[in-house]
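> One structure follows; several queries about it will come next.
Computed from the coordinates by the stated procedures, all read-outs in this text should not be read as laboratory data. Quick caveat: nothing in here was measured; it's all calculated off a predicted structure. Using ideal geometry, Cβ is built from the backbone for each residue, glycine included, and neighbour counts are taken over all protein chains shown.
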Amino acid sequence: MNVHHFVADKLSEVVLMKHKRQLMMVRVLAVCGVTFLSAFAVYSFYRQAIVLGVILSAYSIAGIISTRLVHLGRPSGIHGLTFIVYSLCVYLVFTGGYQGTGSIWAYPLSAIGIFINPFSRGVAFSIVNLITLSVLLGTEFTQYDYSAALSFRLILTLMALSVMCHIVVYFQSKMDDYILKMDEEGIQELAYMDSLTMLANRASFLSVLSHVAIGKEPKRRAIIYCDLDNFKAVNDRYGHDMGDIVLSEFALRLKQLIQQELGERVQKYDVARLGGDEFAVFVRDVKDGDEVLNIGKQVIALFEQQQIESLNEIDVEVNVSVGIAFESTAEGLRESLKTADKAMYQAKKAGQGKLSVIEEK
């Protein structure tokens, strides 16, 4: 199973799903707004307010076109809706709307204009809208007679509403950007790295064995399987926290040893913690069988020479049993892992701190 990008893909899907839902919300609001405008246009014609009826009808038609463009995923659809929302806001404040209620509609229209746009563009449109309304009300260039106090309260409350809406949009956009940035920078490692040791986990190691590239000339490969001897006594006597410290230190020493011995031949996920106190190393290009055997002996020497310093603090003798399986064909690496596991058990039966080798035909 290839899980290399599982977590990152899921996080990205969350962001994309959120954006899809936002577009769905925009479409729903647009449909409701067009329906509302159309109803008022009809009502205006009924009241013989021909000019208002024509204007509202024009807005309704523009809203239908913009909604269709939004449905098709065209950016011009959002631009059209933004123009409709803010121009209608200015128009209602300018005329006062029906019986002076136009200023009331300025609040939801301004909020909609902010939420349907990305943060920076929403701020720009919002500022232009506030400046326009401030000029209209400040110069009293309106058809409806607003008092100075009402004009001041309208602008002040619109500014407060806009700031609150912008704060919400800002933090939402920052969270989306953060998730996508984590995706780009490698959050997917959470899916295929062991959280304690930061080595490859079992799933990713098996994935490597299944998908490793096969060159024109098959290379001889090997798997080194390691299992700590008497490790359970550490957990039983000193607790799992101490056990985790031992495992983390051994993982660090093992990785350093493999990198030192194999150099550029070792890749990121070739050293793994398979679970518990079991570890494995994939040697993808065996130049000399003695080289692999020497690595196995050095792994054992980490304990014999007391290089795992955390073990010096406790009264438990811990060693490691090592099993090695060589594979000379171009297939069967996952089977080689099983063979290496069998070799490790042979070493464990022979006594603590032993090495056993099985070479496949």
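> Local charge sum around ALA347 (other residues, Cβ-Cβ under 9 Å, Lys/Arg +1, Asp/Glu -1)?
+2
> Specify the inter-centroid distance of the range 110-138 and the range 52-90, based on alpha-carbon positions, in whole Å.
16
> Continuing with the same structure: Extension gain LYS297-ARG74, at 0.36 nm per residue separation less the Cα-Cα distance, in nm?
Here the segment from LYS297 to ARG74 would lengthen by 73.8 nm.
> Relative to the first principal axis of the alpha-carbon coordinates of the chain, what is the inclination of helix 102-115, with its axis defined by its Cα atoms, in degrees from 0 to 90 and to the nearest 10?
Computed tilt is about 20 degrees.
> Just to be sure I understand, if you calculate Rg and Dmax of the Cα atoms in Å for this structure, which of (i) 34.5, 103; (ii) 29.8, 114; (iii) 19.5, 59 do you get?
Answer by label: (i).
> As a test of the formula, what do you get for the chain when each DSSP H run with n ≥ 4 contributes -39,500 (n - 2.57) and the sum is divided by the residue count, at 222 nm and rounded to the nearest 500 deg cm²/dmol?
About -22000 deg cm²/dmol.
> Let me ask you something else. Relative to the longest principal Cα axis of the chain, at what angle does helix 75-95 sit, 0 to 90 degrees, rounded to 10?
40
> Output the 0 to 90 degree angle, nearest 10, between the alpha-carbon long axis of helix 6-46 and the longest principal axis computed from the alpha carbons of the chain.
Approximately 10 degrees, to the nearest 10.
> Using Cβ contacts closer than 10 Å as the measure, can you line up SER38, SER195, SER60 from fewest to most?
SER195, SER38, SER60
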